[in-house]
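Worksheet for the structure shown next.
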Amino acid sequence: MKRILSLILIAVIALAVVSCGGKAASYKTDVPVATLAEAADKVIAASSGMTGMTTEYVENSLGIAASGFEEGIVKVTASGSTMDEYGIFKASSDDTVEALKGQVETYLKTRVDTWMPGCMPEEEHSKVENASVKVIGRYVVYGILSDTEKEAVFSAVEAELLAK
């Protein structure tokens, strides 16, 4: 009798797990990166002091090949003593998303490895160390921001990309 109850319990748990799986989020693929950057700027306190960088800057300074993305924008603090920076890239195809993410992760690791303590306030170092990348459909987003602003940027971009 205990065996039968155990088997029934296992079957019920298995069904519960399978039925709660839900479907994955569906993201738009036709949203211009400039629109996503506008949404990001709205949640960054110092966004008015941020400047968009050129594709040449992205390739030469960040080491991210332009051939790996269809559109991209990187915004950095133009002056002052903050490290605030974010980037949004639309991968060229579904097949290139992971490679693009890898290039961004390599860039962020380089930022940590080349940190020069005397050049910026120490509190900015945590932004660099805690920088992160998020893949949202075909878009790769990174942030070197406070944890609060970084999560706000990720959420704002994701909200723009959620298919309705």
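Among the residues of region 80-95, what is the count of those that are in contact with a helix residue (DSSP H, G or I) (Cβ under 8 Å, 6 or more places away or on another chain), free of Cβ contacts under 8 Å to residues at least 40 places away in the same chain and surrounded by fewer than 17 Cβ atoms within 10 Å (Cβ to Cβ)?
1
Anything in region 49-79 that is touching a Gly at 6+ places or on another chain (Cβ under 8 Å), surrounded by fewer than 13 Cβ atoms within 10 Å (Cβ to Cβ) and polar (S, T, N, Q)? List them, or say none.
Keep residues of region 49-79 that are touching a Gly at 6+ places or on another chain (Cβ under 8 Å), which gives 49, 55, 58, 62, 64, 66, 72-75, 77-79.
Right, trim to surrounded by fewer than 13 Cβ atoms within 10 Å (Cβ to Cβ) and you get 78-79.
The one that is touching a Gly at 6+ places or on another chain (Cβ under 8 Å), surrounded by fewer than 13 Cβ atoms within 10 Å (Cβ to Cβ) and polar (S, T, N, Q): Ser79.
Scan region 117-131 and give yes if some residue there is within 20 Å of Met50 (Cα to Cα) and within 10 Å of the chain's Cα centre (by Cα), otherwise no.
Within region 117-131, one or more residues are within 20 Å of Met50 (Cα to Cα) and within 10 Å of the chain's Cα centre (by Cα).
For region 110-122, check the following and say yes or no: at least one residue is among the aromatic types (Phe, Trp, Tyr), without any contact (Cβ under 8 Å) to a residue 40 or more places away in the chain, farther than 21 Å from Lys42 by Cα and in contact with a helix residue (DSSP H, G or I) (Cβ under 9 Å, 6 or more places away or on another chain). Outline the logic, then answer.
Going through region 110-122, the residues among the aromatic types (Phe, Trp, Tyr) turn out to be 115.
The next check asks that each one be without any contact (Cβ under 8 Å) to a residue 40 or more places away in the chain; those that pass are 115.
Still in the running and farther than 21 Å from Lys42 by Cα: 115.
Add one more test, that the residue is in contact with a helix residue (DSSP H, G or I) (Cβ under 9 Å, 6 or more places away or on another chain), and what stays is 115.
So far as region 110-122 goes, yes, one or more of its residues are among the aromatic types (Phe, Trp, Tyr), without any contact (Cβ under 8 Å) to a residue 40 or more places away in the chain, farther than 21 Å from Lys42 by Cα and in contact with a helix residue (DSSP H, G or I) (Cβ under 9 Å, 6 or more places away or on another chain).
Of all the residues that make up region 29-48, how many are part of a loop (DSSP other than H, G, I, E, B) and touching a Gly at 6+ places or on another chain (Cβ under 7 Å)?
Counting residues in region 29-48 that are part of a loop (DSSP other than H, G, I, E, B) and touching a Gly at 6+ places or on another chain (Cβ under 7 Å) gives 1.
Filter region 129-150 down to residues that are of a type outside the set (Ser, Thr, Tyr) and surrounded by fewer than 17 Cβ atoms within 10 Å (Cβ to Cβ) and give me whichever is modelled with the lowest pLDDT.
Glu129
For every residue, the table says whether it meets (1) over 18 Å from the mean Cα position of the chain (by Cα); (2) charged (D, E, K, R).
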residue	(1), (2)
Asn60	yes, no
Ile64	no, no
Lys75	no, yes
Ala99	no, no
Glu105	no, yes
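Just one of Gly118, Gly87, Gly143 is within 16 Å of Val31 (Cβ to Cβ) and small (Gly, Ala, Ser); which is it?
Gly87
Here are some conditions: (1) small (Gly, Ala, Ser); (2) at pLDDT 95 or above; (3) surrounded by fewer than 18 Cβ atoms within 10 Å (Cβ to Cβ). Ala163 meets all but one. Which one does it not meet?
Every listed condition holds for Ala163 apart from (2).
Can you confirm whether region 60-68 contains a residue that is among the small types (Gly, Ala, Ser), part of a strand (DSSP E or B) and free of Cβ contacts under 8 Å to residues at least 24 places away in the same chain? Quick ask: steps written out before the conclusion?
Quick first cut of region 60-68, residues among the small types (Gly, Ala, Ser) only: 61, 63, 65-68.
If we keep only those that are part of a strand (DSSP E or B) too, we end up with none.
The answer is no; no qualifying residue exists.
Under the condition of being acidic (Asp, Glu) and closer than 13 Å to Phe69 by Cα, which residue from region 79-124 is modelled with the highest pLDDT?
To start, the set of residues in region 79-124 that are acidic (Asp, Glu) comprises 84-85, 94-95, 98, 105, 113, 122-124.
Subset that is closer than 13 Å to Phe69 by Cα: 94-95, 98.
Details: Asp94: 94, Asp95: 95, Glu98: 98.
Out of the qualifying residues, it is Glu98.
If you go through region 67-75 one residue at a time, do you hit one that is more than 16 Å from Val135 (Cα to Cα) and at pLDDT 90 or above?
First pass over region 67-75, keeping only residues more than 16 Å from Val135 (Cα to Cα): 67, 75.
Add one more test, that the residue is at pLDDT 90 or above, and what stays is 67, 75.
Yes.
The values are calculated or read from the model by the stated rules, or taken from the named source; none is laboratory data. On a predicted model such as this, the values are computed, not experimentally measured, just so you know. Heads up, the Cβs are rebuilt from the backbone with ideal geometry, glycines too, and the neighbour counts pull from every protein chain shown.
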